[in-house]
Ligand code: SF4
């Protein structure tokens, strides 16, 4: 915020003028005024920060030249490079930008490459994607995390197809599509439609904060708004898509969070943070953007029961899982891992011992499926398998995993639990389903447990 002018405090200029009026000697005895601060120290309110015209021209030219030579060869770039010759090609490019940008949000490029290739093989256009089921989409997405984004991609594709099959051609219209936010709309519009609009992600925030020594909190809404404004100043009118990708590429490859390669940087001569380090030995370019305390992770606990139902009447647990079925329950359509299938799980408020966890699981199985674990003659075994910690962005989830093996028995959902959906799947189906990393891990732990138990028995 700008400070109001303080009318009561005399400025240096006032003092000098008044002193001059009194005697020349008094003026001469006054201490020498401080030299004008250097430009990189003068930055005050973020609203006042601007790129000068010559800076914009230099940054655009240097970055585009560098990007033309140094851009990484990535599968989505092979689709989006070159001039589109018709509307269908523009839409194919828009679709590739959309899918890649959604996948890249908070996931490393190297991880995304194989997912992107698989996705585009299966659904090369928005029309193909619109025909997919959520199960198929989750299957391809499995392991990327943030499953809501996959669901939104599917819902967005359906919207685009229902509206005629063409992507909206401007940022404002793109934003009406499910799952397309400000960043993704900017990326699609600038890369596929050549609209001169900026994009701002973590890389862009870092690069601009360093170029302009912005010390305001980078998580603050006002700061982000101003970074968008500055990115808008910089974006090249003729090659907006390339320019936006160049800034992000610079942030991803050279202007990295902890060890930027300033000596190879194409915009080092326009970088205030680097300039500052040359005048102040205690300054580091990594002082920008300002580090802010991470949001404290919440600790959650969950008792997970892998319920295996033996199809054979022998009642022996097979390591291969052939002849077994597993009970899966669908998560609610809102919230964490919305709509995904998982093994029956009970949330615990606090860290709990085995007895407490089993009590919670017993209640759940009884109330949901009418299964009385203590009375049923169908229980073959019940074993504690182990613990797994799954990290979400703000949640640290401790999963306590158990294996409960039942003889062939149909579980029936209790009438008053009408909202819960469940199914049985065999091991083969389980292997190809779109399951979250946590569920996949629980299953693998159960497999390992069964293998180690079987080798103990056979000794
Ligand atoms: S000179 Fe260094 S800090 Fe500045 S933009 Fe380039 S890599 Fe980043």
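Please treat every number below as a calculation from the coordinates, not as lab data. Every value quoted in this text rests on a predicted model; they were computed, and no experiment measured them. Because the Cβ atoms are built from the backbone with ideal geometry, glycine has one as well, and the counts that use them run over all protein chains shown.
Overview of values
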read-out: The range 213-256: proportion of alpha-carbon pairs further apart than 15 angstrom, %; value: 55
read-out: Burial ranking of peptide ranges 88-97, 425-434 (average Cβ count within 10 Å, highest at the top); value: 88-97, 425-434
read-out: For the range 175-234, alpha-carbon Rg over 2.2 N^0.38 Å; value: 1.16
read-out: The range 201-293: relative contact order in percent, alpha carbon pairs under 8 Å with at least 6 residues between; value: 45
read-out: Volume in Å³ per residue [convex hull over Cα atoms, computed for the range 73-195]; value: 93
read-out: Two-decimal log10 I(q)/I(0) for the range 201-293, as the Debye equation yields it once each C-alpha is a single scatterer, q = 0.18, 0.22 Å⁻¹; value: -0.78, -1.15
read-out: Relative contact order [Cα under 8 Å, 6+ residues apart], the range 158-207, whole percent; value: 26
read-out: Long-range tail of P(r) for the range 133-290 (Cα pairs > 21 Å, %); value: 55
read-out: Contact order relative to length of the range 73-195, as percent, for alpha carbon pairs under 8 angstrom and 6 or more apart; value: 29
read-out: Burial ranking of peptide ranges 231-241, 113-123 (average Cβ count within 10 Å, highest at the top); value: 231-241, 113-123
